[in-house]
Every structure is written in structure tokens, then in C-alpha cells.
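Student: Dropping the structure in here first, questions after.
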Amino acid sequence: MLVLRVLQTGPMHGYAIAQRLHQLSSEALRVEEGSLYPALQRTLVKGWAKAEWGLSESNRRVRFYRLTAAGRKQLAAEMNAYERVNDAIRTILRTA
Amino acid sequence: MIGELWRRLYYLVNRTRFERELDDEMSAHREMMGDAGRRFGNTLRLREASRDAWGWGWWDRLTQDLRFATRMLRKAPAFTLTAVGLLAVGAGVNIAAFQVLNALVWSPLPVTDPDSLVRFNRRSPSGTSTSFAYPVVTFYREHDTALASVMGIVEAQVSFESSATRDVTVEFVTANYLSDLGAVPALGRLLDGSRDDAPEAEPVIVLSHGLWTERFGADPAVIGRLVRINDRPFTIAGVAPPSFLSLTLRPVQAWMAIGKQPYAFPGSDTLTSHEANPVSFFGRLKPGGSLAAAEDSLRPIAQALSRQHPKTMWQDEWVEAQPAGRYATLNKRAAPAVTLAAAFTTVLLLAACANLGTLLLARGFSREREIAIRLSVGATRPRIVRQLLTESVVLALVGTAAGLGLSFSTARLFFAYTGWPPSLQPSFDARVLLFTLGVAGLVAVLFGSAPAMQAIRPRASRLRARSVLVAVQVATGCILLVVGTLLVRGLDRVTHAPLGFDYTEHLIIDPGLTASGFTPAAAQDYWRDLRERIEGMPGVRGTALATLPPLGQKRWTNRHRDGTVEYIHHVDASYFAVMGIPLRGRAFEPGEPNVAVISESLAQARWPGEEPLGKVRQGETVIGIAGNARTIALGDPRATEHYEPVTNALLPEAVLIVRVTGDPTAMLPALARSARAIDEHVAPSVTILDDAFDEKLATPRRMAVVISGLAGLALMLAAIGLTGLLAFSVSQRVRELAICTALGATPMHIAAAVLRQYLKPLACGLVMGLAGAAALSMGLRSELLGLSYLDPISYLGSALLFTLVVLMSAAGPLRRALRLQPMAALRCE
């Protein structure tokens, strides 16, 4: 879900996505960067993103991932679901 | 969703490219991370996870397992060959049995549209018969509406050309018969309704391909030639194709129009008599017709016939229709034989699998180290189990495939040995394939899970596995041995038991007077002349008349009542002496009315415990009690005999039984000559009773051979399996036994140590085996022909034999155990 959200802002390559996640979470989330790739492959399988080869800022040959319409829908759905769960948890924590 | 599938397939096709791209991508990322590249993670695992995301992980693992399995099997050729051999035998026998059933019940006869062919039987509440009178069949044909065609067959034995013996089997058939079945003549033409049905039509004959090749050397110029049948000229009209099989499944050598039967047998009333029933009645259903519809349409016609001919039609007679397009029909009567075959072969399969289990155990042990290493390197248990299962499945498939191949030749051999027509062949169709796959699956499950479980479970269960295997092997071996012995002994009773009559010095002279049109008065004269002449010959001890020759091919009547089957014999007074049947009381006086002689068994059934002589039954006085003599139904324990004097009306149907001193074969030519000299129009067939006996017993004897073979095979499997298991067990405990020997254990101790752990499973297996055999044979009582299904000799004998086999199996490994040199054994590990 996070990957999809990051891609929403525009097409990025793998390293850029990892950096962005790193940045945005204020370094709170520290994951194995490589685990990004199985997740990215999955988005490709499901048709939530498309990949094209291009050149990075440092002129390296990298693959850019772009969100598709289906991906956008999926993102919306996932965020929705997450919100609901989050609210539920918060409610329980507050009132129980 | 479709898009996803499409993408997945696209990936599958372009795999290498995708993976290379991913590798590039990941290494680029790593570079960009610089020093922090450590946090990237295990590339190999990530690569695998990415691969899995595309959904083909299972396929990769499967192909990997298959490749590994085949490699492992190739590396151990001795094991693989033995395992495949065991499976081929076990599965092969099973599949062969199914092939036999499949061919018999589902293979269509080589005729056109076999599914529409029907056979008709006469049925009534008290009886059933497969033969009709000719005028009756004609009546059905004229009035029926539900059949597309009607066919009738009259079987006969005729003499061919100058031979005087009636040794050629022919059929007189309705003219549409051959062409209706779809035969295309190999030469000339077949019988034709328009040309051959009329009474004044030229007498023609269609030869079978075999007869044409045998007697005419396949000469194409035979068409139009005259040939003498029963000394009457017939013109050869054509030759049937080589593959043609008559619906009666008999080896017929020629066909003639049914209307010409009286021509070949002058004076015969076959076509006009309502009392003679020589016709086998077949028909074809109209398209979309059913058996029930055919029966329903014939019912009112049968009723009309009953009104017109109340004396010759049975009470409440109707016509039953049965499918006739296959070699055999699966009906209730066949059920016990089928279940027996199924049970037998399944148990054999179990035995083979138990054997295989032993092999696998030994192999599993040697691979323990390999599996331990794999576990430590990081393989998950499910993965290893799956891989071991794959190996077992591959083995099962290969073994079953070998069994399938074996089954064809086995089934063919079986058919040839038991005398089925050569057109019956095992075929490879969807049913056989499905059955084979089922067997393979069963086999894989039976022993496949064993090595997998063994590999990952603790040591303790290994002993349990071995005990279970021993028990199974002993049990299956026992069951097969006991059931096999029971069956063979049952069949033995038929072939060797005293039947209550003599048959070794007898000949039968059958002049076929009815077919030759003799009236009762003429028959009386004939018999008188014949008997005078025969009895005057040296070497003849006596003659007797009977309507039902012992072991004869004639149709008989019997009454079923209260669990006994009463065979009605019409004989003359000298019958009992000639056949060597002991008689209490007296035999008939000539012309005595309303008397009967009954067998002991019948007397016991009707008046248990009382003196039967003098009692009156159905208007007949019992004047004599004969010893039980099952001349017709050899194996039927319910058979009883009822003898009445031969009436004059029955004289034309009678045959003469001649008893001679010494070898009947030597007397045959002389008797035949004398018999023929009586009347030039009559050519009697003279046969030796012993030969008929041999023929009748051929089938039970052959079955006994087959069953003995299977039981022997089972025994061999058990012996081999047990030897293997014990050898393996000893090899496992070499160290322990060596130490025992070094410490001073006596040979008895060692032997006890080796065998002790198997004593309980052995006993268990024996008990299970005997119990299982009892259960199985209880259902097979009808096949045992009177032998008690708990026959103690069979059970005890089998148990003893089996124990002997077990002891012999143990001998080899025991010897090795006893010969262990402690130092040598302990040194090499």
C-alpha cells in the first residue's frame, strides 16, 4: 500500500521509492530495501503498476514504475480499509 | 483477472529476460546504496520471492522435485529395478484382471451396431430357457412391432462330404442373419432373404473362412461347387470374412438357410414342431428402442400363443430380452466370480506394496544422513516431505506403467488359455487408463507416505513401521494362500471326487433320430436292432437307453423346489447297472406306468428320516433308491436325480450308453461301424464319455491352475519380502549383536534377539490373515462347490505352509547374524 501511495506522486525507480519511504517516515520505518522488489513485482503481476526502462538522475539504466488506473483504485481501496481498521483500533484504545 | 493471467503467462514465456532485468535492477539499486548496501538483503532469497510473486513457484518446485527424483532413482538401479518389478507384478495382475473384465463386458462383438442386438429367453415364474420352437419364433416375427429385425439360429452337427461322422459344427440361420450382423463376404455372397428364404430355393451354404482355408485350401474357385452335407448336395454360395463371429460364440464352420434344415436332416420336424425347442432367438431393436419396450411388445404375442398352444407354452410365459452385443453380460450370477477376482488381485497388490515398503525402509535409512544435512541447511520439513512424495509418485507411475504393459500379455494369455474366441482381445481405452491411474494413485498413497514420514519422525516409529510391514505381509500372504487353497480344493472335488457313477469304460452312441424324423415306432425298431447288434459284439458289457447322456450337451429340464434342483432323467432299467449306480429296491419293468426311482439326496429332502420305498409322490410310486450320481451338474451340491422310464414318445430323443471292458478308445471304430450299418440315412455320432468329462472339467482345471499360480506368486512375494526385512533388520543391529556375541551370548540367544521383535507382528499377521480369509471365503461360498468355507485342512495347511516359508525366509539372515565375528563387525561401520 505504501509503495502504491509513493507511486501516486509520479513514476519512480526502485531506489527512489526506497529513499522516499525512508524520508517520509522520518526514518521510523527501517526495512530491508531489497524486500521492495518482490512487492514491486507483485504490483506488476496484479497490474497496479507498469514498468519502463529509463535513465536515472545519475545516468544509470533503471526501471521506472508508474501507477495505473487499476493501481489507483487499489490504492484507494486499501487506504479506505486501513482507515477503518485504524479508527476501530483507536476507538477501542480510547474507550475500552 | 484475465489481464493478470495474461501477464503471468507472458512472464512464463519470457522468464529469463525478466529475471535478468530484475538482477540488473537490484544490482543497480545496491550500487546506488553504496556502503549501506548491506541492508539490501539476501539477493538469492529476494530473487526467489520475486519469482514466487508471479505465481509459478509451484511449477518450479515440482519440476525440481521431478528432476531430483529421477536422478535419485537412476543412481540406485538395483533398488529402482526391484521396486519397479514388484509394482509391475502387483499392479499388472490387478490391471490384467480389469482388462479381462473390461474386454468381456464392454468390448463389443465384431458386428455392426452391437448395442441394438438382443437375445431372447423364454421365462416363466418356474423356469427359464434359451431355446424356442421354430413356429413360435415365426409367430413372434410376424406379429412383432418393436424389433427392426428378427434372427433365429439352429445349431447342428453334420457330416461333411464323404465323412460319416457328424463332426462339423454348422448353424441353420434365418437368411438375414449374416448380412444383418454386418458381415461382408470374403468371397461370393452371403445368405439372402430374397433368394434363400423360399422353401423351393436352391440349397446353398456359406462357408466359414476357417473351413474354406482348411478343406478347400482357400481356393477362390469354390463358388458354385457342390458339397455334400449329411450326404445331401449344397451349392457353395460364398465365404464369410475371417473375423466373423457368430452370436452364439461357438466355432461355427458353415451357415445354411434355416428352411433347409429338413433337407439336411430328412424327416426332421424341427421347423414344424411346437415341442422341439432348437432355436436361439435374437433380434435387433429399432433405433431408440429399449429392452423393456421389446419385452412389452412381445408379451401380448406370447399370451396369444399360450391361448393357441396351451400344452407347449409354459404357464404365464413371457419373453425376456437381454443385451447380446458383448462377450459376456454382467449379471447377478457373475458377481461372486468378479468380487473374488477383484479381492484376490487387490490383496496381491497389497502384498507387493508391503514388500516395496520394506525396500523403502531400508533405502530411507541410508538416506537419513542426506536428509539431516538438508534440514540443517535450511530446507523446511514440508518441502522435504513433498520431495520424497514426488519420488514415490514417480516410482508408482513407472511401476504401474510397467504393470500396464505386462497386463496386456497376461490378459491375452488368459483368454487364449481359457478358450475364448480369438476376436476377444484386451483393449486400451479410457476405462483401462482410468483404472491404471487409480491403481497408481493407490500405490503411491500406500507406500509413498511411508518414507516421507520415516524421514522426519523420531527413531521410535521405525520399529513400529517394520512391525506393521511384517504384519501386512504375513496377513496378505496368508489370505491369498488360504483362499487359493480353498478354491483349488473346491475345484478338486469336482475333478477327482467320486461322482457316484462310472464313466471310464463308456461310449455314447447318438443317432439323432429326432432330427432324422423317426417316429416313435420306427425308433423302437431302430433301437431294438441296434442293441441286438451291439450287445452281440465281444467286449460289450451292457447297453442302456437314456434321454440325457451323462455330461451331455443336450438340453435338460429340472425342477427347482425347496432348495434342491431335481434333474429329470428318462432311462431304461439297465441304466443303473451300466452306469455303476448302486440301486436299492428295484428298477422299472418294461412298460410299467407311474413309477419312479429317486436318488438318495432327493429321498432325504422329501422324506427326511423315513423309509422312502413305496411312497407315492405326484402320482408316482417310488420303487427304487439310487445312489447320488451327479451326471449333469457335477459341482452342484443341491443336485438330486429323478428317474422315470423312457416312454415310447421319447425314444427318438434317446441315446445309447455302451459299457465295454477295457479301453473304450479301442472299441470305438467297431462300434461306429456297427451303428452305421443299421440305417443308411442315419449317421450316429459315437463319443467316449471320458473325453466329454475331460472337456467339461477343462475349465475348472484351468481356473485351478491360474489360482494356484497367483497364490504361489503371493507366497513368493511374502518370502522375498520377509527375507529382505529380516536381512535389513540384522544389518541394522550388527553392532548390538556383535557385542552380544562377544559377551558370550549363545546362538539361541542371538536367534531369539533377532526374531523376538517380529514374533508379535507375525502372530498378529497370521490371525488377521486367517480371519480375513474366512471373511472373504464366506462371500465366496457359491464358488467353493460344496466345500465348507471354514475347511480346516485348508486353513491349517496354509498356516503351516506359511510358517514354514517364514522360517525359511528367516534362515538366511539368521545365519548371518549367528556368524558375526564380533571384532570384524565392530571395526567396520
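The values are calculated or read from the model by the stated rules, or taken from the named source; none is laboratory data. The shown structure was predicted, so the numbers you read here are calculated from the model rather than taken from an experiment. Because the Cβ atoms are built from the backbone with ideal geometry, glycine has one as well, and the counts that use them run over all protein chains shown. Note: accessible area is taken over every heavy atom of the protein model, side chains too, but ligands, DNA and RNA are not part of it. Shrake-Rupley method; radii C 1.70, N 1.55, O 1.52, S 1.80 Å.
Student: Go ahead and run the numbers for FRET between A:Tyr82 and B:Ser129, Cβ-Cβ distance against an R0 of 60 Å, rounding to 0.05.
Tutor: 0.10
Student: Two-decimal Rg/Rh of the range B:685-809 from alpha-carbon positions, Kirkwood Rh?
Tutor: When Rh is taken as the Kirkwood radius, the ratio is 1.20.
Student: Where the accessible area of the protein assembly as shown is counted over protein heavy atoms with a 1.4 Å probe, how much of it, in %, is carbon and sulfur?
Tutor: 60 percent
Student: Note down the nm distance, to one decimal, between modelled labels 7 Å out along Cα→Cβ at B:Leu801 and at B:Arg381.
Tutor: Each label point is offset 7 Å from its Cα along the Cβ direction, giving 4.6 nm.
Student: What is the spin-label model distance, in nm, from A:Glu57 to B:Asn14 if the labels are put 7 Å beyond Cα along the C-beta direction?
Tutor: 2.9 nm
Student: Please express the Cα-Cα pair-distance distribution P(r) of the range B:652-750 as a list of whole percents, one per 10 Å bin, running from 0 to the bin with the greatest distance.
Tutor: 11, 20, 14, 11, 10, 9, 9, 9, 5, 1
Student: Along the charge dipole of chain B, Cβ charges K/R +1 and D/E -1, which of B:Ala401, B:Leu650, B:Ala76 sits furthest on the positive end?
Tutor: Toward the positive end, the furthest listed residue is B:Ala76.
Student: If I ignore ligands, DNA and RNA and count only protein heavy atoms, how much of B:Thr80 is accessible to a 1.4 Å probe, in Å² to the nearest 10?
Tutor: My reading of the accessible area for B:Thr80 is about 20 Å².
Student: Separate question: Please get the size of the charge dipole for the range B:362-458, origin at its Cα centre, with Cβ charges of +1 on Lys and Arg and -1 on Asp and Glu, quoted in debye to the nearest 20.
Tutor: It comes to approximately 380 debye.
Student: Simple spin-label model, 7 Å along Cα-to-Cβ: B:Gln425 to B:Ser290 in nm?
Tutor: 3.6 nm
Student: Between B:Asn594 and B:Thr82, what is 0.36 nm times their sequence separation minus the Cα-Cα distance? Round to one decimal in nm.
Tutor: Residue separation times 0.36 nm, minus the Cα-Cα distance, leaves 177.1 nm.
Student: Another question, if that's okay. Using the Cα centre of the range B:55-209 as the reference point, and only Cβ charges (+1 on K/R, -1 on D/E), how large is the resulting charge dipole? Debye, rounded to the nearest 20.
Tutor: 1380 debye
Student: Another question, if that's okay. Under the definition of Cα pairs under 8 Å and six or more residues apart, what whole-number percent is the relative contact order of the range B:310-442?
Tutor: 21 percent
Student: Can you give the convex hull volume of the alpha carbon atoms of the range B:293-419 per residue, in Å³?
Tutor: With only Cα atoms used, the range B:293-419 gives 195 Å³ per residue.
Student: Taking θ as phi - 60°, what are the ³J(HN,Hα) couplings along the range A:4-9 by the Karplus curve (6.51, -1.76, 1.60), each to the nearest whole Hz, with x for Gly and Pro?
Tutor: Residue by residue, the range A:4-9 yields 4, 4, 4, 5, 4, 6 Hz.
Student: Right, next: Return the sequence-ordered ³J(HN,Hα) values of the range B:427-442 in whole Hz as given by the Karplus equation 6.51 cos²θ - 1.76 cosθ + 1.60 applied to θ = phi - 60°, using x for Gly and Pro.
Tutor: Along the range B:427-442, the couplings run 10, 9, 10, 4, 4, 4, 4, 4, 4, 4, 4, x, 4, 4, x, 4 Hz.
Student: Another question about this same structure. How much length is gained on full extension from B:Ala334 to B:Ile568, taking 0.36 nm per residue of separation minus their Cα-Cα distance?
Tutor: Between B:Ala334 and B:Ile568, full extension yields an extra 81.6 nm.
Student: I would also like to ask the following. Give the share of C-alpha pairs in each 10 angstrom bin for the range B:335-405, from 0 to the last occupied bin, in whole percents, shortest bins first.
Tutor: 16, 36, 26, 14, 6, 1
Student: Further question on the same structure: Return the subset of B:Lys311/B:Lys696; B:Lys615/B:Lys696; B:Lys260/B:Lys286 for which the Cα-Cα distance in this structure is over 32 Å, preserving the input order.
Tutor: Among B:Lys311/B:Lys696; B:Lys615/B:Lys696; B:Lys260/B:Lys286, the Cα-Cα distance tops 32 Å for B:Lys311/B:Lys696; B:Lys615/B:Lys696.
Student: Kindly state, to the nearest 0.05, the FRET efficiency for B:Ala522 paired with B:Leu433, given R0 = 60 Å and r defined as their beta-carbon distance.
Tutor: So the FRET efficiency works out to roughly 0.40.
Student: Here is a further query. Which of the aspartates and glutamates could be linked to B:Lys75 by a straight reach, that is with a Cα gap under 19 Å, when you skip same-chain ones fewer than 8 residues away?
Tutor: Answer for B:Lys75, where 19 Å is the Cα cut-off: B:Asp65, B:Glu368, B:Glu370, B:Glu391, listed by chain and number.
Student: Here's something else I'd like to know. How high is the relative contact order of chain B, in percent, counting Cα pairs under 8 Å that sit 6 or more residues apart?
Tutor: Worked out over chain B, it gives 16 percent.
Student: Using a 1.4 angstrom probe on the protein heavy atoms only, could you order B:Cys764, B:Cys478 from most to least accessible area?
Tutor: Largest accessible area first, the list is B:Cys764, B:Cys478.
Student: Need one word for the range B:1-147: rounded, prolate or oblate. Basis is the Cα gyration tensor (sqrt eigenvalues a ≥ b ≥ c); a/c below 1.5 gives rounded, then a/b vs b/c decides.
Tutor: prolate
Student: In addition: With N denoting the number of residues in the protein assembly as shown, provide Rg(C-alpha) divided by 2.2 N^0.38 Å, to two decimal places.
Tutor: 1.39
Student: Same structure again: Going by the alpha-carbon gyration tensor, a ≥ b ≥ c the square roots of its eigenvalues, is the range B:640-705 rounded (a/c under 1.5) or, if a/c is not under 1.5, prolate (a/b greater than b/c) versus oblate?
Tutor: The shape class here is oblate.
Student: So if each residue of separation counts as 0.36 nm, and I subtract the Cα-Cα distance between B:Leu668 and B:His749, what length gain in nm does that give?
Tutor: Stretched out fully, the B:Leu668 to B:His749 stretch lengthens by 22.1 nm.
Student: Rounded to the nearest 500, what is the 222 nm mean residue ellipticity of chain B from helices alone, with -39500 (n - 2.57) per DSSP H run of 4+ residues and division by all residues?
Tutor: Dividing the helical sum by the residues of chain B leaves -18000 deg cm²/dmol.
Student: Helix B:2-13 versus the longest principal axis of chain B: what is the Cα-based angle in degrees, 0 to 90, to the nearest 10?
Tutor: 80 degrees
Student: Right, another one. Can you list, largest first and rounded to whole Å, the semi-axes you get for chain B by taking the square root of 5 times each eigenvalue of its Cα gyration tensor?
Tutor: Square roots of five times the eigenvalues give 68, 38, 23 Å.
Student: Note down the magnitude of the dipole of the protein assembly as shown about its Cα centre, charges +1 on Lys and Arg C-beta and -1 on Asp and Glu C-beta and zero elsewhere, to the nearest 20 debye.
Tutor: Value, rounded to 20: 6540 debye.
Student: Just name one of B:Leu62, B:Val705, B:Phe428: the one whose Cα is farthest towards the positive end of the charge dipole of chain B (beta-carbon charges, Lys/Arg +1, Asp/Glu -1).
Tutor: Of B:Leu62, B:Val705, B:Phe428, it is B:Leu62.
Student: Would you please give the FRET efficiency between B:Arg816 and B:Leu62, computed as 1/(1 + (r/R0)^6) with r the Cβ-Cβ distance and R0 = 45 Å, to the nearest 0.05?
Tutor: Efficiency at R0 = 45 Å is approximately 0.60.
Student: Kindly compute the accessible surface that chains A and B hide from a 1.4 Å probe when together, both sides summed, and give it to the nearest 100 Å².
Tutor: When A and B are taken together, about 2200 Å² of accessible area is lost.
Student: While we're looking at this one, here's another question. For the range B:1-80, just say rounded, prolate or oblate: build the C-alpha gyration tensor, square-root its eigenvalues into a ≥ b ≥ c, call rounded for a/c under 1.5, and beyond that prolate if a/b exceeds b/c, oblate if not.
Tutor: Oblate, since a/c reaches 1.5 and b/c is not below a/b.
Student: Got the relative contact order for the range B:389-495 handy, in percent, Cα pairs under 8 Å and 6 or more residues apart?
Tutor: That works out to 33 percent.
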